[in-house]
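K.L.:
Okay, here's the structure, questions in a sec.
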Amino acid sequence: MNRIPAGLIRILPLVVLASVLFPAAAFGQAVGCSPTRGGVFFADVSGGGRADAIVVNRDGITVRRSNGRRFEPNELWTSGPFFGAVDGNVYVYFADVDGDGRADAIAVNETGITVRRSDGHSFRANEDWTREGYMGTDQRGHPNIYFADVTGEHRASAIVVNPDGIVVRRSNGRRFTGNEKWIEGPYYGERGTYFADVDGDGKADAIVVNRDGITVRRSDGTRFMPNELWLEEGAYRRNGGAHFFFADVDGDGRADAILVSGSGVTVYLSDGSRFGPPMRWTRNAYLGEMGIFFADVTGYGNADAIVVNRNGVTVRPSNGSRFVGNEPWTEGAYYGDFGPTCSGGRYEDRR
């Protein structure tokens, strides 16, 4: 964010929950809680086939488009504030809900879900996509909602995870339709719940990370099917403070499991039925002060590793087998007013 000198930016005690998923053929980003301390997101809002850098501030949303080599100058995409608020926390998301290939801005409030569609240059006027509150509640009583294309219709649905099951509201391109119960009974992870297309069929699957492994329930477009163990307990349990992300880093159309810890980035490639052995994709730590993200900012079809620091945004592009050297993609600070993410300890170390 270059409208305020970096030294004057104050990080507020609010919460931003980022939940973004892109079509399998394009790019992916970890869904669910993201360990960022600023209102920073990466999604293709311009329709250029590359994830753009988005910051959410009290007075509006700013976008820096990706040209495949760097993020271009600031563009103000809303003329005023746009974010949801629940219990004093901020809820804003970016996902393609109308199926035009551009991620839209989504605000979740206690009274409903509001969407501002992207036209490729700005976020348009408010649209009510639900007229009543729609959010899940996790085991600690905190709101729990995600946006991902679980139906394979190229539109992100609204997904809520409750202690007694998962409910989906499909997008018809103009609103979210009625409740559909996709899982009866509890299905959530001790160390995180995610939605990403791990089997490459164009539909986001339901993933839970527990201390004893990673379990997947594939989507058939109408429900999540029975449990499949995709990764048994491994070294990640011993990595205190390590967190998982799910994104297609090798460009084969399937989201892979990515473990980020203080010792580096480890990838478990998906073969469509399980996650393979651990592979070191960085030889040392790669962590940002404001968070780490995975999205295809270069446009080559692989999710790249992005870190946001107080002095700028750095990218390590994926070459399909590792993340290559650091590239500065902004000159100076670029992050938003809101942070940190994930209230109630949902992203704490739960060894």
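Rundown of residues vs (1) without any contact (Cβ under 8 Å) to a residue 60 or more places away in the chain; (2) of a type in the set (A, V, I, L, M), yes/no style:
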{"position": "Asp164", "(1), (2)": "yes, no"}
{"position": "Val168", "(1), (2)": "yes, yes"}
{"position": "Ile183", "(1), (2)": "yes, yes"}
{"position": "Pro186", "(1), (2)": "yes, no"}
{"position": "Glu190", "(1), (2)": "no, no"}
{"position": "Val208", "(1), (2)": "yes, yes"}
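K.L.:
Within 18 Å of Phe338 (Cβ to Cβ), aliphatic (A, V, I, L, M) and surrounded by 24 or more Cβ atoms within 10 Å (Cβ to Cβ): is that true of Val56 in this structure?
P.N.:
The answer is yes for Val56.
K.L.:
I would also like to ask the following. Might you check whether a residue that is in contact with a strand residue (DSSP E or B) (Cβ under 6 Å, 6 or more places away or on another chain), more than 13 Å from Thr137 (Cα to Cα), of a type in the set (S, T, N, Q) and assigned to a strand (DSSP E or B) occurs anywhere in region 184-196?
P.N.:
No: region 184-196 contains no residue that is in contact with a strand residue (DSSP E or B) (Cβ under 6 Å, 6 or more places away or on another chain), more than 13 Å from Thr137 (Cα to Cα), of a type in the set (S, T, N, Q) and assigned to a strand (DSSP E or B).
K.L.:
If you check Ala30 against the conditions, is it among the aliphatic types (A, V, I, L, M), touching a Phe, Trp or Tyr at 6+ places or on another chain (Cβ under 7 Å) and either open to solvent by 10 Å² or more (accessible area, probe 1.4 Å) or at pLDDT below 80 (or both)?
P.N.:
yes
K.L.:
Could you say whether any residue in region 226-241 is open to solvent by 10 Å² or more (accessible area, probe 1.4 Å), of a type in the set (A, V, I, L, M, F, W, C), within 22 Å of Pro186 (Cβ to Cβ) and in a loop (DSSP other than H, G, I, E, B)?
P.N.:
no
K.L.:
I'm checking my understanding of the structure. Among residues of region 197-224 that are of a type in the set (Val, Ile, Thr) and in a strand (DSSP E or B), which one is nearest to Phe246 (Cα to Cα)?
P.N.:
Ile207
K.L.:
Another question, if that's okay. Just give me the residues in region 307-332 being more than 25 Å from Ala257 (Cα to Cα), at pLDDT below 95 and either open to solvent by less than 10 Å² (accessible area, probe 1.4 Å) or under 21 Å from the mean Cα position of the chain (by Cα) (or both), in sequence order.
P.N.:
Arg310, the sole residue that qualifies.
K.L.:
Every residue in region 274-291 that is assigned to a loop (DSSP other than H, G, I, E, B), loosely packed, with under 15 Cβ neighbours inside 10 Å and among the charged types (D, E, K, R), please.
P.N.:
Arg283, Glu289
K.L.:
Take His154 and decide whether it is assigned to a loop (DSSP other than H, G, I, E, B), on the phi > 0 side of the Ramachandran plot and open to solvent by 40 Å² or more (accessible area, probe 1.4 Å).
P.N.:
yes
K.L.:
Scanning for something under 17 Å from Phe338 (Cβ atoms), part of a loop (DSSP other than H, G, I, E, B) and free of Cβ contacts under 8 Å to residues at least 24 places away in the same chain, does region 63-70 turn up at least one residue?
P.N.:
Taking every residue of region 63-70 in turn, none turns out to be under 17 Å from Phe338 (Cβ atoms), part of a loop (DSSP other than H, G, I, E, B) and free of Cβ contacts under 8 Å to residues at least 24 places away in the same chain.
K.L.:
On the given criteria, is Thr130 in a loop (DSSP other than H, G, I, E, B), farther than 23 Å from Ser46 by Cα and either among the polar types (S, T, N, Q) or open to solvent by 40 Å² or more (accessible area, probe 1.4 Å) (or both)?
P.N.:
yes
K.L.:
Could you check region 259-273 and list, in sequence order, the residues that are in a loop (DSSP other than H, G, I, E, B) and at positive phi?
P.N.:
Gly272, the sole residue that qualifies.
K.L.:
Here's another thing I want to ask about it. In the list Thr177, Thr215, Thr222, Thr193, which residue meets the criterion of being surrounded by fewer than 21 Cβ atoms within 10 Å (Cβ to Cβ) and within 22 Å of the chain's Cα centre (by Cα)?
P.N.:
Of the residues listed, the single one that is surrounded by fewer than 21 Cβ atoms within 10 Å (Cβ to Cβ) and within 22 Å of the chain's Cα centre (by Cα) is Thr215.
The values are calculated or read from the model by the stated rules, or taken from the named source; none is laboratory data. Computed from a predicted model, the values in this text were never measured in an experiment. Note: ideal-geometry Cβ built from the backbone for every residue, glycine included; neighbour counts use all protein chains shown. The accessibility values were calculated without ligands, DNA or RNA, using every heavy atom of the protein model including side chains. Shrake-Rupley method; radii C 1.70, N 1.55, O 1.52, S 1.80 Å.
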